[in-house]
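Enquirer: Shown below is the structure under consideration.
The values are calculated or read from the model by the stated rules, or taken from the named source; none is laboratory data. Just so it is clear, the structure is predicted and the values come from calculations on it, not from any experiment. Cβ: placed from backbone, ideal geometry, glycine included. Neighbour counts: every protein chain shown. Please note that ligands, DNA and RNA were not included when accessible areas were found on the heavy atoms of the full protein model with its side chains. Shrake-Rupley method; radii C 1.70, N 1.55, O 1.52, S 1.80 Å.
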Amino acid sequence: MTTNQDFAGTVALVTGASRGLGLALARELGRRGARVGLVAREATALTAAVAGLRAEGVVAEAIVGDVGDKRAIHPIAHQAAALLGPVDLLIHNASTLGPTPLRLLLDTECEDFERALQVNLLGPFRLSKVIAGAMALRGRGTIVHVSSDAAVEAYPRWGAYGASKAALDHLSRTWAAELEGTGVRVLAVDPGEMDTQMHADAIPEADRASLADPVDVARAIAALVHDPAARSGDRVRAEAWREGRR
């Protein structure tokens with residue numbers, strides 16, 4: 001465990017947290033004193049992830065749920081509050097690419113596009129809608145949307161994912177504008193290309209040595225969240241944000 005406890009007293013809720021960046025974020029925040037709720041669809045993988053964190057001394061709870069299912073949103077929020085207390089930091093990390101190999105828009109089924117929107121856009125909207133009000137009443141809180149370069153660059157075969165992330169960026173800015181003055185910050189962060197299973201599914205031929213380690217990206221995002229210079233409404237690249245500097 002790190003001796004840096006700058007997130008002590010913070011309750012963090014991280015979606016898509018059974019592996020990859022989500023798990024790295026839960027570990028980084030937990031090592032720095034946060035009590036962490038990990039959300040994921042797959043119970044077996046999630047339980048194993050939480051057990052590993054607890055073995056490291058992290059206060060962690062498993063919350064099984066699919067953010068793409070509107071019926072799961074209130075149970076996720078209620079479990080987080082019951083197990084850990086009011087959420088101070090909400091990180092929307094859960095995402096889906098859609099079917100792989102990735103497809104051209106002409107070959108994309110409407111149902112697959114809809115699923116990308118449900119998970120990548122509507123899920124974050126619904127969960128923020130449940131949690132942000134309580135944050136505003138307490139006068140504090142941070143909401144982080146994990147974005148992508150596909151939100152700002154048009155890549156062939158990334159249409160459903162890119163469109164959902166572009167909309168998520170705008171959703172983040174709108175939340176920030178509407179929550180101005182409440183003490184709630186809303187941020188969007190582009191983590192860059194990482195050595196994760198999602199990246200391998202999307203680009204199996206990629207050179208893994210050229211990809212960022214999710215552990216390093218999680219450290220940068222934690223620094224972003226902790227830094228008061230990060231203004232509500234900002235969209236930043238994780239690689240541009242390190243401890244003590246931008």
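Enquirer: I'm told Asp112 meets every condition in (1) among the acidic types (Asp, Glu); (2) surrounded by fewer than 14 Cβ atoms within 10 Å (Cβ to Cβ); (3) more than 30 Å from Gly9 (Cβ to Cβ) except one. Can you identify the failing condition by its number?
Expert: Just one mismatch for Asp112, condition (2).
Enquirer: Shifting gears a bit: May I ask you to say which residue of Val58, Val36, Val11 is under 14 Å from the mean Cα position of the chain (by Cα) and more than 21 Å from Thr96 (Cβ to Cβ)? Write out each step before concluding.
Expert: Values: Val58 fails: under 14 Å from the mean Cα position of the chain (by Cα); Val11 fails: under 14 Å from the mean Cα position of the chain (by Cα).
After ruling out the rest, the residue left standing is Val36.
Enquirer: Looking only at region 188-217, count how many residues are part of a helix (DSSP H, G or I), open to solvent by 40 Å² or more (accessible area, probe 1.4 Å) and farther than 17 Å from Leu23 by Cβ.
Expert: Of region 188-217, the ones part of a helix (DSSP H, G or I) are 197-202, 208-210, 214-217.
Next cut, open to solvent by 40 Å² or more (accessible area, probe 1.4 Å) only: 197-198, 200-201, 208-210, 215-216.
Of the ones still in play, those that are also farther than 17 Å from Leu23 by Cβ are 208-210.
Count: 3.
Enquirer: In this structure, is Val36 crowded, with 24+ Cβ neighbours inside 10 Å, in contact (Cβ under 8 Å) with a residue 12 or more places away in the chain and within 26 Å of Arg140 (Cα to Cα)?
Expert: Numbers: crowded, with 24+ Cβ neighbours inside 10 Å: yes; in contact (Cβ under 8 Å) with a residue 12 or more places away in the chain: yes; within 26 Å of Arg140 (Cα to Cα): yes.
Spelling it out, Val36 is indeed crowded, with 24+ Cβ neighbours inside 10 Å, in contact (Cβ under 8 Å) with a residue 12 or more places away in the chain and within 26 Å of Arg140 (Cα to Cα).
Enquirer: Let me ask something additional. Quick check: anything in region 172-187 open to solvent by less than 40 Å² (accessible area, probe 1.4 Å), assigned to a helix (DSSP H, G or I) and in contact with a His (Cβ under 7 Å, 6 or more places away or on another chain)?
Expert: Checking region 172-187: at least one residue is open to solvent by less than 40 Å² (accessible area, probe 1.4 Å), assigned to a helix (DSSP H, G or I) and in contact with a His (Cβ under 7 Å, 6 or more places away or on another chain).
Enquirer: Does Ala154 qualify as being surrounded by fewer than 22 Cβ atoms within 10 Å (Cβ to Cβ) and over 21 Å from Ser232 (Cα atoms)? Let's see the steps before the verdict.
Expert: Working: surrounded by fewer than 22 Cβ atoms within 10 Å (Cβ to Cβ): yes; over 21 Å from Ser232 (Cα atoms): yes.
Taking the combined requirement at face value, the residue satisfies it.
Enquirer: Could you grab me the full set of residues in region 47-72 that are under 12 Å from Ala94 (Cβ atoms) and crowded, with 19+ Cβ neighbours inside 10 Å? Working first, answer last.
Expert: Our first condition is that a residue be under 12 Å from Ala94 (Cβ atoms); within region 47-72, this holds for 63, 65-69, 72.
Ile63, Gly65, Asp66, Val67, Gly68, Ala72 - these are the residues of region 47-72 that are under 12 Å from Ala94 (Cβ atoms) and crowded, with 19+ Cβ neighbours inside 10 Å.
Enquirer: To continue, here is another question. Which of the residues belonging to region 198-246 are modelled with pLDDT under 95 and at positive phi?
Expert: Passing the criteria: only Gly244.
So that you can scan it fast, the table gives a plain yes or no per residue for (1) under 12 Å from Leu38 (Cα atoms); (2) among the charged types (D, E, K, R); (3) out of contact with any strand residue (DSSP E or B) (no Cβ under 8 Å at 6 or more places or on another chain); (4) in contact (Cβ under 8 Å) with a residue 12 or more places away in the chain:
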| residue | (1), (2), (3), (4) |
| --- | --- |
| Ala55 | no, no, yes, no |
| Ala62 | yes, no, no, yes |
| Ala81 | no, no, yes, no |
| Leu84 | yes, no, no, yes |
| Leu117 | no, no, yes, yes |
| Asn120 | no, no, yes, yes |
| Pro124 | no, no, no, yes |
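Enquirer: Could you tell me whether any residue of region 236-243 is within 18 Å of the chain's Cα centre (by Cα), of a type in the set (Phe, Trp, Tyr) and outside any helix (DSSP H, G or I)?
Expert: Taking every residue of region 236-243 in turn, at least one turns out to be within 18 Å of the chain's Cα centre (by Cα), of a type in the set (Phe, Trp, Tyr) and outside any helix (DSSP H, G or I).
Enquirer: Only residues that are part of a helix (DSSP H, G or I) and of a type in the set (D, E, K, R): list them for region 4-33, please. Quick ask: steps written out before the conclusion?
Expert: Restricting attention to region 4-33, the residues satisfying the condition of being part of a helix (DSSP H, G or I) are 20-31.
Listed by number, the residues that qualify are Arg27, Glu28, Arg31.
Enquirer: May I ask you to say which residue of Ala160, Ala166 is free of Cβ contacts under 8 Å to residues at least 40 places away in the same chain and assigned to a helix (DSSP H, G or I)?
Expert: Numbers: Ala160 fails: free of Cβ contacts under 8 Å to residues at least 40 places away in the same chain.
Selected residue: Ala166, the only one of Ala160, Ala166 that is free of Cβ contacts under 8 Å to residues at least 40 places away in the same chain and assigned to a helix (DSSP H, G or I).
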